[in-house]
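Visitor: After the structure tokens below, expect a handful of questions from me.
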Amino acid sequence: MGIRHWLGDNFLTTRVDQVVAWARKFSLFPYPFVTACCGMEYMAVSAAHYDLDRFGAAFPRFTPRQADLLMVVGTISHKMAPILKRVYEQMTEPKWVMAFGVCTCTGGFYDNYATVQGIDTIIPVDIYVPGCPPRPEAVIRGIMMLQEKITKMRQEY
Amino acid sequence: MAASEHPAVSKLRQAFGDKILDVYTFRGDTVVVLDRSVNVEACQLLRDDPDLRFDFLMDLTAVDYLGFGRVPRFEVVYNLYSFANNLRLRLRVPVPEEDPVIRTVTHLWKAANWAEREVWDMFGIRFEGHPNLKRILLYEEFQGHPLRKDYPVNKRQPLIGPIN
């Protein structure tokens, strides 16, 4: 009861944290850092058929400064690693990172001199979507899990 | 086509004699093994001879024969094609381990520029006279040449982050 008792049905009550989280989880602006074949799957998942826009995450910003979700899509080589780190550092808070595909999660089968064995050795990762490449359903599941994570986070604003 | 029928073989034999180390056919492709002292001259002849006109360097790569008991250890391979005469020819040029140098063919085919840089990057074979011989795929900080068979398979040289 509490305040609702006095105000009737004309108001909704909530906490600021919850409102902010609700807004944030449905307005993820992804920055697609696409380096390899997973990019095709990224295109599929963001295009009309699978329609990532249903989850509020289909407005790619092609500058990291306007994005809050870094989708690392594809193999990251050691030569690329400093660039990825720089892109991550350019993003403003709050920011999240999705490791899209097994190469970004662990290096995948590229266990060789050229490939970073998981991007979490360079930047923090919030959600891992394995698969070679992951199916669109897996990516959507990853987005939904990330949304759940966002609602449970302490919101800073 | 048998090796003896290939029009390039007789011309190369005539011009370079005992610098032609071997000639054979593998699955229909004629292969000529050359001494490295005549690699540029042979390429020049193959490109400019009006009966041959190998105007297209399809590929330039190298092989490391470590563990095969072969001397010399490396081989640079040229795959040539003639649009005018519809001919193919593969040149193999042995390169010794202790002096891994061969003269460039960038002045004959521009396509050789990046291919030679890749061979330098991966195998550490230097191309004398190359206009810009630096690593093409790996970063300058990288030590060694990873496609050499004695490059440790688990050796990692990250620019940032831990070695894992």
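Visitor: Using Cα springs under 10 Å in a Gaussian network model of chain A, which residue among A:55, A:109, A:29 shows the largest mean-square fluctuation?
Guide: A:109
Visitor: Hey, what do the phi angles of the range B:46-52 turn into as Karplus ³J(HN,Hα) couplings, whole Hz, using 6.51/-1.76/1.60 and θ = phi - 60°, x for Gly and Pro?
Guide: 5, 6, 9, 5, x, 7, 10
Visitor: Further question on the same structure: Would you tell me the mean number of C-beta atoms belonging to other protein chains that fall within 10 Å of each C-beta in A:102-112, as a whole number?
Guide: Details: counts 0, 0, 0, 0, 1, 1, 0, 0, 0, 3, 5.
Shielding by partners across A:102-112 averages 1.
Visitor: When only DSSP loop residues count, what GluC sites (Glu not before Pro) in the range A:77-157 have their Cβ near at most 14 other Cβ atoms within 10 Å? Please list the in-between numbers first.
Guide: On the way: sites: A:89, A:137, A:148, A:156; in loops: A:156.
Passing sites in the range A:77-157 are A:156.
Visitor: Calculate the dipole size of the range B:12-164 relative to its Cα centre from +1 charges on Lys and Arg beta carbons and -1 charges on Asp and Glu beta carbons; express the result in debye to the nearest 20.
Guide: On the way: 21 positive and 22 negative charges, 66 e Å.
So the magnitude is around 320 debye.
Visitor: If you don't mind, there's one more thing I want to ask. Once the dipole of the protein assembly as shown is set up with Lys and Arg at +1 and Asp and Glu at -1 on Cβ about the Cα centre, which of B:86, B:158, B:68 lies farthest towards its positive end?
Guide: Projecting each Cα onto the dipole axis, the largest value belongs to B:158.
Visitor: Okay, next question. Let me know the charge dipole size of the range A:1-148 about its Cα centre in debye, to the nearest 20, where only the beta-carbon of Lys, Arg (+1) and Asp, Glu (-1) is charged. Mind dumping the intermediate values first?
Guide: Values: 13 positive and 13 negative charges, 51 e Å.
I would put it at about 240 debye.
Visitor: Assign unit charges at the C-beta atoms only (+1 for Lys and Arg, -1 for Asp and Glu), then state the dipole size of the protein assembly as shown relative to its Cα centre in Debye, rounded to the nearest 20.
Guide: Numbers: 38 positive and 37 negative charges, 146 e Å.
Value, rounded to 20: 700 debye.
Visitor: Among A:19, A:116, A:98, whose Cα lies farthest out toward the positive end of the dipole of chain A, if unit charges sit on the beta carbon of Lys, Arg (+1) and Asp, Glu (-1)?
Guide: A:19
Visitor: Considering only the other residues whose Cβ falls under 9 Å of the Cβ of residue B:84, what net charge follows from Lys and Arg at +1 and Asp and Glu at -1? Intermediate results must be reported in sequence, preceding the final value.
Guide: Values: positive: B:53; negative: B:55.
Neighbourhood net charge equals 0.
Visitor: Report the semi-axes of the equivalent ellipsoid for the range A:1-60 in whole Å, largest first, where each axis is √(5λ) for an eigenvalue λ of the Cα gyration tensor. Intermediate results must be reported in sequence, preceding the final value.
Guide: Values: eigenvalues 310, 28, 8 Å².
Semi-axes (√(5λ), whole Å): 39, 12, 7.
Visitor: List the residues, sorted by chain then number, that are 5 or more residues from residue A:96 or on another chain and whose placed amide H is less than 5 Å from its amide H.
Guide: So residue A:96 has HN proximity to A:69, A:70.
Visitor: For residue B:30, what residues show an amide H to amide H distance below 5 Å, using hydrogens built from the backbone and excluding near sequence neighbours?
Guide: B:90
Visitor: For helix B:7-16, what angle does its Cα long axis make with the longest principal axis of chain B, in degrees from 0 to 90 and rounded to 10?
Guide: That helix lies at roughly 80 degrees to the long axis.
Visitor: Over 29 Å between Cα atoms, which of A:25/A:79; A:85/B:134; A:85/B:110; A:79/B:110 qualify?
Guide: Details: A:25/A:79 33 Å; A:85/B:134 25 Å; A:85/B:110 36 Å; A:79/B:110 26 Å.
Exceeds cut-off: A:25/A:79; A:85/B:110.
Visitor: When the Debye formula is applied to the Cα atoms of chain B, each taken as the same point scatterer, what base-10 log of I(q)/I(0) results at q = 0.08, 0.20 Å⁻¹?
Guide: -0.26, -1.32
Visitor: Hey, can you rank B:35-44, B:21-30, B:129-138, A:75-84 by average C-beta count inside 10 Å, highest first? Don't jump to the answer; show the numbers that get you there.
Guide: Values: B:35-44: 17.8, B:21-30: 12.3, B:129-138: 14.4, A:75-84: 20.3.
Result, highest mean Cβ count within 10 Å first: A:75-84, B:35-44, B:129-138, B:21-30.
Visitor: Which of the listed residues, A:47, A:76, A:128, is farthest toward the dipole's positive end in the range A:27-146, when Lys, Arg count +1 and Asp, Glu count -1 at the beta-carbon?
Guide: A:76
Visitor: For the range A:1-127, rounded, prolate or oblate, judged on the Cα gyration tensor with a ≥ b ≥ c (square roots of eigenvalues), a/c < 1.5 rounded, else prolate if a/b > b/c?
Guide: On the way: a/c = 2.93, a/b = 2.25, b/c = 1.30.
Verdict is prolate for the range A:1-127.
Visitor: Using the Kirkwood radius over Cα pairs, work out the Stokes-Einstein diffusion coefficient for the protein assembly as shown at 37 °C and 0.692 mPa s, in µm²/s as a whole number. Don't skip to the answer; put the middle values down first.
Guide: On the way: Rh = 24.0 Å.
Translational diffusion coefficient: 137 µm²/s.
Visitor: Taking H as built 1.01 Å from N, whose amide H comes closer than 5 Å to the amide H of residue B:58, not counting residues under 5 places away?
Guide: B:79, B:80, B:81
Visitor: Another one. Show me, for the range B:91-104, the HN-Hα J-couplings you get by feeding each phi into the Karplus relation (A = 6.51, B = -1.76, C = 1.60, θ = phi - 60°), rounded to Hz, glycine and proline as x.
Guide: Ordered by residue, 3J(HN,Hα) equals 10, 10, 10, x, 10, x, 5, 6, 9, x, 10, 8, 6, 6 Hz.
Visitor: Next question, about the same structure. Within the range A:114-157, what residues put their amide N at less than 12 Å from the label point 7 Å along the Cα-to-Cβ vector of residue A:55?
Guide: Within reach of a label on residue A:55: A:127-130, A:135-150.
Visitor: Then there is this: Could you tell me the calculated FRET efficiency between residue B:21 and residue B:143, based on Cβ-Cβ distance and R0 = 35 angstrom, to the nearest 0.05? All intermediate terms of the calculation are to be shown ahead of the outcome.
Guide: Values: r = 34 Å, r/R0 = 0.96.
In this case the efficiency is close to 0.55.
Visitor: Below 15 Å, Cα to Cα, which aspartates and glutamates can residue B:11 reach? Residues fewer than 8 away in the same chain don't count.
Guide: B:22, B:41, B:48, B:49, B:51
Visitor: For chain B, what is the mean residue ellipticity at 222 nm derived from helices alone (per DSSP H run of n ≥ 4: -39500 (n - 2.57); sum divided by total residues; nearest 500 deg cm²/dmol)? Could the numbers behind the result be given before it?
Guide: Details: 3 runs with 32 residues, N = 164.
Taken over chain B, the calculation gives -6000 deg cm²/dmol.
Since every read-out is calculated from the coordinates, none of them should be taken as a lab result. Note that the coordinates shown come from a computational prediction; the quantities given were computed from them, not determined experimentally. Neighbour counts run over all protein chains shown; Cβ positions are idealised from the backbone, glycine included.
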